[in-house]
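A short reminder: the numbers here are calculations on the coordinates, not readings from a lab. On a predicted model such as this, the values are computed, not experimentally measured, just so you know. As a convention, Cβ positions derive from the backbone with ideal geometry for all residues, glycine included, and neighbour counts pool all protein chains shown.
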Amino acid sequence: MRSIYIIYLLFIFSTLLPANSEMNLSLELNTTMTLEEKESFLSQLEYGRMLYKNPRGISCSKCHGIEGKGGHKIAKYYDKHKNIKLLKSIDITHYSLEELTASLNNQYKKDGRRKRHKIMPMYYLTRNETLAIFTYLQENK
């Protein structure tokens with residue numbers, strides 16, 4: 001039954017094409033793309049946008065905004081003198097790939113030394129995933 005269906009589809013397809021058709025059914029691929037990119041149905045930018053909006057855990061956009069420009073209130077708290085303090089997110093569109101990688105690995109630099117973030121969650125992203133998010137953020141500068 002299955003083979004009859006396949007033969008039927010081939011027949012229908014062949015009748016739709018003109019008899020003297022020189023139609024080229026091959027796809028032209030951009031030669032500057034890597035093999036992995038050619039085989040992917042998502043571009044690096046689209047993949048980065050998707051990961052930025054929904055990585056493993058809390059969305060980056062919840063704190064840093066849809067485009068990564070920051071300024072959003074994350075939390076309100078009181079210091080030891082009972083003064084109201086606001087914790088606001090920062091603009092991450094200017095981060096280098098190295099800085100973004102360190103940040104996503106829950107580390108940052110202070111006085112030239114890496115320190116652990118106290119607020120930023122850890123995402124456990126691969127290098128390719130981090131690169132995709134970086135590409136998305138660079139597009140939003």
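Net charge of the neighbourhood of Glu139, taken over other residues with C-beta under 13 Å away and scored Lys/Arg +1, Asp/Glu -1, is +1.
Near the amide H of Gln107, within less than 5 Å, lie the amide hydrogens of His117, all on another chain or at least 5 residues away, with H placed in the peptide plane.
For region 44-91, a crude dipole built from +1 on the beta carbon of Lys and Arg and -1 on the beta carbon of Asp and Glu, taken about the Cα centre, is about 320 debye to the nearest 20. Using C-alpha pairs below 8 Å separated by at least 6 residues, the relative contact order for region 51-141 is 26 percent. Segment Lys53..Glu67, full-extension length gain: 4.1 nm, with 0.36 nm per residue of separation and the alpha-carbon distance subtracted.
Using the Cβ-Cβ distance between Phe41 and Met122 with R0 set to 35 Å, the FRET efficiency from 1/(1 + (r/R0)^6) comes to roughly 0.75. Computed from the alpha carbon positions, the gyration tensor of region 61-121 leads to an equivalent ellipsoid with semi-axes of 22, 16, 9 Å, biggest first. Work through the residues other than Asn105 whose Cβ is under 14 Å from its Cβ and net out their charges, Lys, Arg +1 and Asp, Glu -1. Here the charged neighbours net out to +3. Exposure proxy ranking for Phe41, Phe134, based on other Cβ atoms within 10 angstrom of each Cβ and starting from the fewest, stands as Phe41, Phe134. Going from the fewest other Cβ atoms within 10 Å to the most, the residues His64, His72 appear in the order His72, His64.
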